[in-house]
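This report refers to the structure that appears directly beneath it.
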Amino acid sequence: MNEQLLNEITSEYLQEGRDAFKVGDGVKVHVRVREGDKERIQLFAGIVIARKGSGVHETFTVRRIASGVGVERVFPVHSPLIEKVEIDRESVTMRSRMYYLRDRIGKEATKVKEKRIFEKKRKS
Amino acid sequence: MKLELLGKKLGMSQVYDEDNNLVPVTIIEAGPCPVLQVKTVETDGYASVQIGYNPKGKSPNKVNRATKGHAAKANAEPQQISKEFRLPTDHQFEAGNSITVTDFADISMVDVVSTTKGKGFQGVVKRWNFGGGPASHGSMFHRRGGSYGLCQWPGRVFKNKKMPGHMGDVQRTTQNLKVVKTIPEKNLILIKGSIPGHKGGILSIRVAKKLKTSK
């Protein structure tokens, strides 16, 4: 199957504004959770450690330390259940997959080099 | 209701359904399939419909006169492949009409008949899921099939004994697959789950035979 046709079929399932966050960013993922017939928003905050795949297949992994235990959750990027992805802090990364964070303990585990403000200014 | 359509497998992808679940789908390009001939009990002894399909989207370059004449009778272009399916006598199909994906729009479940990928000559471990022997400790019995039979009685190997041989490239039917979506402008039909065979493989889609609900 050619890629163009595949894009035409899947384009209607893509959500807007999902390109904004990248690997290394601290994010809050707003997930819609259905309990019975009620719906509420659940937050999952952590660091994006990977973005995999492309198009509708694309997923991203968020890692957080919850009561001393590392928790990772994989979301489909274009899932309609994700209300929005809020970016808390941007960072500078030398890797496309930050799996090295898994081996870190304590304070180091959530430490990622932050994007400095003067770098932003220079770009704009 | 009986309905059949010829098509080809394009590949797989994923879409979201109305409950926001990510559903794996096989994308199939199917039809339009012109009805080449309607057979009746009076003339042919049984009722059936013959449909044709051009996988390349156009008529074949070289057509013999018999094929040409057969298609011309139904006011259709010559078709590369044709298939017949039996029907009860009361149906509305007429020669020259086309069956398209739109006819499948309100059908929930389908069966797909396709040809599996050819695996060539394979041993018993891959072909029949035999366990094989130990890898080491001097067993000298690794991926062999073991004994083929008994002794003087019966003095032959029983029929259907599982042995090495050609694997794959056989027709298989996958039953009760859900139709996720049809895209009539592009002659596409999205079916939940996977289907045997290569991309580009010719297949036929029919309304599910063993569906429990009354149709």
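Some observations on this one:
- Counting Lys and Arg as +1 and Asp and Glu as -1 over every other residue whose Cβ lies under 14 Å from the Cβ of residue B:84, the net charge comes to +3.
- Whole-angstrom gap from the range A:22-74 to the range B:1-63, using each part's C-alpha centre: 41 Å
- Annotation: per residue accessible area for the range B:51-191 equals 68 Å², rounded to a whole number [probe 1.4 Å, protein chains only].
- Cut-off of 10 Å, at most 12 other beta carbons, DSSP loop: longest stretch of chain B lacking such chymotrypsin sites (Phe, Trp or Tyr not before Pro): B:47-140
- When the protein assembly as shown is reduced to its Cα atoms, the Kirkwood hydrodynamic radius in Å: 25.5 Å
- Solution diffusion estimate, µm²/s, Stokes-Einstein, the range B:86-215, Kirkwood Rh from C-alpha pairs, 10 °C, viscosity 1.306 mPa s: 83 µm²/s
- Cα radius of gyration and Dmax for the range B:124-166 (Å): 12.5, 34
- Surface composition of the protein assembly as shown: carbon plus sulfur atoms hold 49% of the accessible area, using a 1.4 angstrom probe and ignoring ligands, DNA and RNA.
- Relative contact order (%) - criterion: Cα under 8 Å, at least six apart; region: the range B:1-159: 18 percent
- Where the Cα pairs of the range B:1-116 fall when distances are cut into 5 Å bins, in %: 2, 10, 18, 21, 18, 13, 9, 5, 3, 1, 0
- The charge dipole of chain B, taken about its Cα centre with unit charges on the Cβ of Lys, Arg, Asp and Glu (plus for the first two, minus for the last two), comes to roughly 1300 debye.
- Taken across both chains, chains A and B shield about 1400 Å² of accessible surface from a 1.4 Å probe.
- Per principal axis, descending, Cα span of the range B:97-159 in whole Å: 65, 34, 22
- The range A:30-99: trypsin sites (Lys or Arg not before Pro) in DSSP loop, at most 14 other beta carbons within 10 Å: A:95, A:97
- Note on B:14-23: average number of Cβ atoms from other chains within 10 Å of each residue's Cβ is 5.
- Chain A, helix-only ellipticity at 222 nm - DSSP H runs n ≥ 4, -39,500 (n - 2.57), divided by all residues, nearest 500: -3000 deg cm²/dmol
- The dipole here belongs to the range B:115-207: it is taken about the Cα centre, uses +1 on the Cβ of Lys and Arg and -1 on the Cβ of Asp and Glu, and is about 80 debye.
- Dipole-positive endmost among B:67, B:139, B:115 within the range B:6-161 (Cβ charges, Cα centre): B:139
- Chain B: calculated mean residue ellipticity at 222 nm from DSSP helix runs of at least 4, using -39500 (n - 2.57): -2000 deg cm²/dmol
- Residue among A:112, A:69, A:14 farthest towards the positive dipole end of chain A, charges placed on Cβ: A:112
- Positive-end residue, the range B:21-78 charge dipole about Cα centroid, Cβ charges, pick of B:33, B:49, B:23: B:33
- Size of charge dipole - chain A - debye, nearest 20, with Cβ of Lys, Arg +1 and Asp, Glu -1, no other charges: 880 debye
- Of the three principal axes defined by the Cα atoms of the range A:1-76, the extents in descending order read 47, 35, 19 Å.
- Residue B:181 contributes an accessible area of around 50 Å² to the protein surface, as traced by a 1.4 Å probe with all chains present.
The values are calculated or read from the model by the stated rules, or taken from the named source; none is laboratory data. The model shown is predicted, which means the values in this text are computed figures rather than measured ones. Cβ atoms come from the backbone with ideal geometry, glycine included; neighbour counts cover every protein chain shown. Accessible surface areas use protein heavy atoms only, side chains included; no ligands, DNA or RNA. Shrake-Rupley method; radii C 1.70, N 1.55, O 1.52, S 1.80 Å.
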